[in-house]
Every structure is written in C-alpha cells, then in structure tokens.
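Here's the structure, in structure tokens; my notes come after.
The values are calculated or read from the model by the stated rules, or taken from the named source; none is laboratory data. Not measured: the values here are computed from a predicted model. Neighbour counts are summed over all protein chains in view; Cβ atoms, including those assigned to glycine, are modelled from backbone coordinates with ideal geometry. Side chains are part of the model used for accessible areas, which takes the heavy atoms of the whole protein and leaves out ligands, DNA and RNA. Shrake-Rupley method; radii C 1.70, N 1.55, O 1.52, S 1.80 Å.
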Amino acid sequence: MERRHLTYYRELARCTDPELRGLGQVAAIARFETEYGNLRTALRRAVDACDEDEALVLVHSLLWYWQMRDLRTDALHWAPGRRGPRPRPVRAARRPCRPPCTSCARPPRRRSPRNSAGRPGAGCGWSN
C-alpha cells in the first residue's frame, strides 16, 4: 500500500510541476497546497526506504513550488545533500593503466592535395 501511495504522489508531483510554469499555474498551486501533506509523506517514505530515485524525482518536482511559496526550510530539509546515503569514495586502481601506444595517440598525417602535375595545392582551388 505504501508503494502505491508513493508512486501515485510522485506522478502527481511530476505531472503537476510543469503546470506551475504555464497557464494552469493557479490550479497547480492549489493542487500542491491541497495534497502537500501527502506529498511530504511520500517523500519521507522514499527517504526512509533509501529509494534515491523516487526521492530525487519528488524533490525535483517540488522545487519550483517551494520557490514560489517561499518554503526554503522544506527545500533545505529535503535537499539531496542533507539526507540519504553519501557517495562512496573512488578506490585507487588495482594496477596502473598503461598509456596508449604512441601510434594511436598521434593524429594521422594529412597529405596535401596534388594536381595532375604533382604540385601541392594546385587543382583544389588553392592559389600558389
């Protein structure tokens, strides 16, 4: 049941968010205000379940609403850097990587175009 609640309100937020920037802005704000408690519950469940994808979609969908309604405390509270798992540090390579071979790293030599007389540049529209 909790998963269906999360999915429903994620989709509600995701589909309503673009309306905040268009002609349906007043209706979108009213919908967010009406469902705000449920949206926060869905966000809390996503964070508690360590479901980063769901939480990020909800946060991203609510950002514009938070900006418009001056809900900075909610935005800071739910920001991805404040909660959730931290990124894992990058491990050192087990063995050092070999540099690419020099023949692969050098650009190919370009041949200059030649005309029928064998002179460079003539015949291709270049003037000498």
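For MET1 and ASP70, a Förster radius of 30 Å and the Cβ-Cβ distance give a FRET efficiency of 0.35, rounded to the nearest 0.05.
Using a probe of 1.4 Å, the accessible surface attributed to CYS50 totals some 90 Å² when neighbouring protein chains are kept in position.
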